[in-house]
Amino acid sequence: MRKILLYLFLIVLCAFLIPILFTIQFATANADVANLDSPITTETETPQFEPYDYKEYATIKLLHHKTGEIEELGIDEYLYGVVSAEMPVDFELEALKAQALVARTYTLYKVKGNNGKHVDADICDDSECCQAWISKEDRFAKWDANVQEENWNKIVNAVNSTAGKIITYNGEPINAFFHSNSGGSTEIPLNVWGGSGYPYLQVVETAGEDAYSQYSSEVELTTSELIEKIKAVHTEFQIDFTQADAIQILEYTDSGRIKTIKFGNVNLSGVEARTIFGLRSANFKVEQIGDKIKFTVIGYGHGVGMSQTGADALAKQGSNCEDIIKHFYIGVEIANI
Ligand SMILES: [Zn+2]
């Protein structure tokens, strides 16, 4: 009888002891990992971040538009590839963080309102369609070997330090348009696409954008090239270059871009002229020099939303990523998803 009681006692003891021992072991293991990963403070080391608990949008299905393959990725893992494809890595960390916020917001905006654009995927890697994305392998191939790890860590840092955060207006993810260089002043969507209904997209001015190579450019066409390009779109086009008013800017937008410009008997919007002549933006001057037409262009891109070089300029002036976002998107909040 005593033996039975002793056995029973031992069984009960084991039932309690074994889980306790396991717990201690696991706790020790975690602590070891934590110790190993605790910040090693060199410039290039990626600081460690607590993984964000994405409840609803933890993964996204990415369509590779060239192969048609669909890949499921963790949202932030996906964003490493977006941020490194969309912004130069030598930009300030706060600018890269702003780009990470924009990219995560855009992703959520697409995931929530895909409109059946991609049937089995949330988003694709074609910048013309959704947003650019590059694999780590392809990205590394474009960087010098001695800066690959350092560059990648900077991207990972920008994404991880903003994990879970998006830009909202009235509690909803914004349509986070961005472009390369605003030329000092952003544009409203109405003047680019004719649409409206984005109260957070206004004309805002940013100092320091002229310090970037994206700020100014030139395009020179012969008069016959110009005629050919306009005729391809407007078959009725005629022009007499000897007339003083052969080319005339008729109207500017509030941001200083061209709203309407007249070439001979045809009126073009600035945006249409940009497309026809392959200009970097709709902010340009035009002059005739002999049989040449010279366009002098300011800025790069449609000009709506965040300017990337503007973000970098603001970061250099001491703005953090939230300041940058609130500079370019009026009345927005940074919120957790
Ligand atoms: Zn797409």
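Read-outs: derived from the displayed coordinates by stated rules, not from any lab. Source: prediction; values computed, not measured. Quick reminder, even Gly has a Cβ in these numbers, built from the backbone with ideal geometry, and neighbours come from all protein chains shown.
Once divided by 2.2 N^0.38 Å, the Cα radius of gyration of region 216-298 becomes 0.99. Using a simple spin-label model with pseudo-atoms 7 Å out from Cα toward Cβ, ASN153 and THR275 lie 4.6 nm apart. Neighbours of ILE239 by Cβ distance under 14 Å: Lys/Arg scored +1, Asp/Glu scored -1, total -3.
Counted residue by residue at 0.36 nm each, then reduced by the alpha carbon distance between them, the extension gain from GLU77 to ALA132 reaches 18.4 nm. Backbone phi angles across region 143-158, fed through the Karplus curve with coefficients 6.51, -1.76 and 1.60 (θ = phi - 60°), yield HN-Hα couplings of 10, 5, 4, 6, 10, 4, 5, 4, 4, 5, 4, 5, 5, 4, 4, 4 Hz in residue order; Gly and Pro are listed as x. Between the amide H of CYS130 and those of CYS124, distances stay under 5 Å, these residues lying 5 or more places away or on another chain, with hydrogens modeled in the peptide plane. Cross-link reach is defined here as a Cα-Cα straight distance under 30 Å, omitting same-chain residues fewer than 8 places apart; for LYS142 the lysines meeting it are LYS61, LYS66, LYS97, LYS110, LYS154, LYS165, LYS316. For ILE258, the amide hydrogen comes within under 5 Å of the amide hydrogens of THR253, ASN283, PHE284, counting only partners 5 or more places away or on other chains and with H modelled in the peptide plane. For the pair VAL111 and LYS66, label points projected 7 Å from Cα toward Cβ lie 2.6 nm apart. The equivalent ellipsoid that matches the C-alpha gyration tensor of region 104-257 spans semi-axes of 37, 23, 19 angstrom, in descending order. Relative to one another, the C-alpha centroids of region 195-244 and region 257-290 are positioned 4 Å apart.
Normalised by the number of residues in region 239-337, the mean separation of alpha-carbon contacts (under 8 Å, six or more apart) gives a relative contact order of 14 percent. A simple spin-label model places the labels of SER213 and SER196 4.0 nm from each other, with each point 7 Å out along Cα-to-Cβ.
The phi torsions of region 127-136, fed into the Karplus equation with coefficients 6.51, -1.76 and 1.60 and a -60° offset, translate into couplings of 5, 6, 9, 10, 9, 5, 8, 9, 6, 4 Hz, rounded to whole numbers, with Gly and Pro shown as x. Backbone N atoms of region 300-324 closer than 18 Å to the 7 Å Cα→Cβ label point of ASP90 belong to residues 308-317.
Can you tell me which lysines have their Cα less than 22 Å from the Cα of LYS292? Leave out same-chain residues fewer than eight positions away. Hits, sequence-local ones excluded: LYS229, LYS231, LYS262.
Straight-line reach from LYS112: which aspartates and glutamates have a Cα under 18 Å away, not including same-chain ones fewer than 8 places off? Counting by Cα, and skipping residues close in sequence, LYS112 has these aspartates and glutamates nearby: GLU56, GLU72, ASP76, ASP120, ASP122, ASP125, GLU172.
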